[in-house]
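The structure appears right after this line, and notes come after that.
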Amino acid sequence: MTLKVTKFGGSSVSCASQFEKVKNIVLSDPDRRFVVVSAPGKRNSSDSKITDLLYLLDAHRQYHVDASNVFKLIKERFTEIKESLGLNYPVERELDEMYARLQTMTQNEIVSRGEYFCARLMAEYLGYPFVDAADVIRINHDKSIDWDATRARLRAVMNTTSRFVFPGFYGLSSNDKIMVFSRGGGDITGSILANIFDADVYENWTDVSGFLMADPRVVKNPEPITHITYSELRELSYMGASVLHEEAVFPVKESNIPIHILNTNRPHDAGTIIQETSNVPRKYPITGLAGKPGFLSIYIYKKHMSNEIGYMRKVLSVLERFNVSIEHIPSGIDSFTVIVSKAEVDDSLYEILHAIKKEVHADEIKVQEHIALVSTVGNSMSHQPGMAGRLFEALGRERINIQMIAQDSNEINITIAVDEKDLSRTISVIYEEFVHPDDSQIRPVEVEPFIEVVNVALETE
């Protein structure tokens, strides 16, 4: 029998009608025995997420401002779900009890209640037992998972039930306090359960039918990505193409458990399957592409730099002192350029430049702003000669200037820097080159099994 851990995001549990969709999905497949839920999300574009309201409730508490109006909104949302579905769980009374002790609660405990109350309602609606994440998931002081303790508690639960509903987003710290993950952390909860259960698949239900090959705001009707490897996903999600919390990958990646991204509102769509390896033939030589603006470059030139040992390290140590992360470092014989996020240096750029000048006595330092990065990603690119040439030729035809080029050693990613004003056009040109070229150029690509050699890291709802 196949075992599935099934997680539903905030949009999937935003109201009673969404609860009904969840129930139909869960009960349609007996393998969906372990259900993780987020807090109710937005019902429409002008609505608020329950988690946002709980953070607002905590802010009112901290500043001793009357929070009754915010609490009323939260209570109405949960009461509406309960009454619409004819449930008996006394959510109103428990919410009132929470509000009565608000001043003694921590922020983590307050914001975790969105998942808690949603899971209690969903458990009754499905007829499944409720299991509290605080009774199972143990989190260390450094926010890592205490796997041994969590595994032992979860297996104890399994001795009493073969199915349950479980709240995402939180667990219990080593000092017995509620601790939450970062926003979207319900995805992490689902992957923890999938890892410990050694699930056959981890289903992540949201409001989109998986990943697309490009941003639909830039490319009209982009092709869906039906299969993607963890490493490809990491490359694309770093540029913002993400529907999954990046930390949710690691617990399942090490066991090669597939993550299946699915759409609660369109449950029959194929979605996207994420796996460590993929033997599925690819129709196109690229898997997808993504880009984002907001970068700048710092160019450093020094005569005979190549003869000075440790020169680049000294520059990077300056950026480290200012807590600036590095995106890319294209280099020459006597010069190199550091690409960084503009937001990270906005308040300290001149201090950084002065410190670099003082540290390495550069002959020239130049800054260029308004840079965008575009990543073209695909495991199959390494099996296609001339991929970089085609990309550069296509951009050259459109007179788009490439300011920087970087390609990783696995040959699954070509990243270029362009002017921000050319970002959308760059993505469109590359997409058309590899996805909609002349018919004679379209051919299936046989993908060899890809096994990642170097470990790499990966709004959700």
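The values are calculated or read from the model by the stated rules, or taken from the named source; none is laboratory data. Quick caveat: nothing in here was measured; it's all calculated off a predicted structure. Virtual Cβ from ideal backbone geometry, glycine too; neighbours counted across all protein chains shown.
Hey, can you tell me all the residues within the stretch 4-18 that are farther than 19 Å from VAL208 by Cβ and over 24 Å from the mean Cα position of the chain (by Cα)?
ALA16, the sole residue that qualifies.
Screening the stretch 220-243 for residues that are in a loop (DSSP other than H, G, I, E, B) and within 19 Å of VAL435 (Cα to Cα) and picking the one that is modelled with the lowest pLDDT gives ALA241.
When residues in the stretch 146-184 are screened for being over 14 Å from PHE34 (Cβ atoms), surrounded by fewer than 21 Cβ atoms within 10 Å (Cβ to Cβ) and not polar (S, T, N, Q), 11 of them pass. Screening LEU95 with (1) over 25 Å from ARG77 (Cβ atoms); (2) touching a helix residue (DSSP H, G or I) at 6+ places or on another chain (Cβ under 6 Å) gives one miss only, at (1). Scanning the stretch 32-46 for any residue that is farther than 19 Å from THR206 by Cβ and buried (at least 16 other Cβ atoms within 10 Å of the Cβ) turns up at least one such residue. Which pairs turn up if I take residues in the stretch 291-308 that are under 30 Å from MET213 (Cα atoms) and look for partners that are assigned to a loop (DSSP other than H, G, I, E, B) and polar (S, T, N, Q) with beta carbon separation below 8 Å, at least 6 apart in sequence or on another chain? Pairs that qualify, where the first residue is under 30 Å from MET213 (Cα atoms) and the partner is assigned to a loop (DSSP other than H, G, I, E, B) and polar (S, T, N, Q), are SER297/GLN403.
Number of residues in the stretch 105-145 that are out of contact with any Pro (no Cβ under 9 Å at 6 or more places or on another chain), buried (at least 18 other Cβ atoms within 10 Å of the Cβ) and not in a helix (DSSP H, G or I): the value is 6.
Can you confirm whether ALA362 is part of a loop (DSSP other than H, G, I, E, B), on the phi < 0 side of the Ramachandran plot and modelled with pLDDT of 80 or more? Considered against the rule, which asks whether it is part of a loop (DSSP other than H, G, I, E, B), on the phi < 0 side of the Ramachandran plot and modelled with pLDDT of 80 or more, ALA362 comes out as yes.
Mind listing just one residue for me: the one in the stretch 330-353 that is surrounded by 15 or more Cβ atoms within 10 Å (Cβ to Cβ) and in contact with a helix residue (DSSP H, G or I) (Cβ under 8 Å, 6 or more places away or on another chain) and, of those, nearest to GLY294 (Cα to Cα)? It comes out as VAL340.
Would you mind stating whether GLU420 is acidic (Asp, Glu), at pLDDT 95 or above and assigned by TED's automatic domain parsing to the domain that holds ASN307? Working first, answer last.
Details: acidic (Asp, Glu): yes; at pLDDT 95 or above: yes; assigned by TED's automatic domain parsing to the domain that holds ASN307: yes.
Spelling it out, GLU420 is indeed acidic (Asp, Glu), at pLDDT 95 or above and assigned by TED's automatic domain parsing to the domain that holds ASN307.
Going through LYS82, LYS4, LYS21 one at a time, which residue ends up being closer than 27 Å to TYR128 by Cβ, crowded, with 16+ Cβ neighbours inside 10 Å and touching a strand residue (DSSP E or B) at 6+ places or on another chain (Cβ under 7 Å)? Exactly one of LYS82, LYS4, LYS21 is closer than 27 Å to TYR128 by Cβ, crowded, with 16+ Cβ neighbours inside 10 Å and touching a strand residue (DSSP E or B) at 6+ places or on another chain (Cβ under 7 Å), namely LYS4.
Please report, ordered by residue number, the strands (runs of 3 or more DSSP E) entirely within the stretch 251-318 with at least 2 residues that are on the phi > 0 side of the Ramachandran plot, surrounded by 20 or more Cβ atoms within 10 Å (Cβ to Cβ) and at pLDDT 90 or above. If you could, list the steps in order and put the result at the bottom.
Details: elements: 259-263, 272-275, 288-301.
Counting at least 2 such residues, we get no strands (runs of 3 or more DSSP E) at all.
In the stretch 215-230, the residues that are farther than 11 Å from GLN275 by Cβ reach residues that are of a type in the set (Ser, Thr, Tyr) and in a loop (DSSP other than H, G, I, E, B) with C-beta atoms within less than 8 angstrom, at least six apart or across chains, in these pairs: GLU223/TYR284; PRO224/SER209; ILE225/THR287.
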